[in-house]
Amino acid sequence: MLACIGVQLFKGKFSSCTDPAKMTEEECRGNFIVYMDSGPKQQELYPREWVHNDFHFDNVLSAMMSLFTVSTFEGWPQLLYKAIDTHTEDMGPIYNYWVEIAIFFIIYIILIAFFMMNLFVGFVIATFQE
């Protein structure tokens, strides 16, 4: 159920350009310059690419995998930060654009990771002890 809600909330919003100044896939063309720490004469040229986050909510199966990541507590803060930065579909992230969406992940952690997992483990243990 929460995977379907995640698809409705985040479908197509977990993509970004390797150049943070570009917001759409159409703008994300060509190359950009990155200046190194040692000074303005040290620079490197990188290609702009429109990249998709490894964990996303574009379909229910991907949403379930993303929510599984949240329930294991491995790497879920990065997913939370990406979700907070989501803007609109097929647009790049805006820093802290949608802070309220953290409530979705907190509810998921409370309902699934704590309550349902403990209920499932207790059921399995009770079943095998009989």
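The values are calculated or read from the model by the stated rules, or taken from the named source; none is laboratory data. Treat the numbers as computed from the prediction; the structure is a model and nothing was measured. Note: ideal-geometry Cβ built from the backbone for every residue, glycine included; neighbour counts use all protein chains shown. Each accessible area value is taken on the protein alone, full model and side chains, heavy atoms only, with ligands, DNA and RNA left out. Shrake-Rupley method; radii C 1.70, N 1.55, O 1.52, S 1.80 Å.
Please find, among 81, 108, the residue that is surrounded by fewer than 18 Cβ atoms within 10 Å (Cβ to Cβ) and among the hydroxyl-bearing types (Ser, Thr, Tyr). The match here is 81. Mind listing whichever residues of segment 56-106 are assigned to a helix (DSSP H, G or I) and in contact with a Cys (Cβ under 8 Å, 6 or more places away or on another chain)? 60, 63, listed by residue number. Here residue 118 passes the criteria (1) open to solvent by less than 100 Å² (accessible area, probe 1.4 Å); (2) over 16 Å from residue 16 (Cβ atoms); (3) out of contact with any strand residue (DSSP E or B) (no Cβ under 8 Å at 6 or more places or on another chain) except the one numbered (1).
When segment 19-32 is filtered for residues that are open to solvent by 50 Å² or more (accessible area, probe 1.4 Å) and outside any loop (DSSP other than H, G, I, E, B), only 31 remains.
Residues in segment 85-121 that are without any contact (Cβ under 8 Å) to a residue 40 or more places away in the chain and in contact with a Pro (Cβ under 9 Å, 6 or more places away or on another chain): 1 in all. Note on segment 20-55: residues that are over 15 Å from residue 90 (Cα atoms) and touching a Cys at 6+ places or on another chain (Cβ under 8 Å) total 1. Regarding segment 63-75, can at least one residue be identified that is under 30 Å from residue 29 (Cβ atoms) and surrounded by 14 or more Cβ atoms within 10 Å (Cβ to Cβ)? Yes, there is a match, as at least one residue in segment 63-75 is under 30 Å from residue 29 (Cβ atoms) and surrounded by 14 or more Cβ atoms within 10 Å (Cβ to Cβ).
Okay, residues lined up against (1) aromatic (Phe, Trp, Tyr); (2) open to solvent by 30 Å² or more (accessible area, probe 1.4 Å); (3) within 18 Å of the chain's Cα centre (by Cα):
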residue	(1), (2), (3)
3	no, no, yes
17	no, no, yes
34	no, yes, no
37	no, yes, no
50	yes, yes, yes
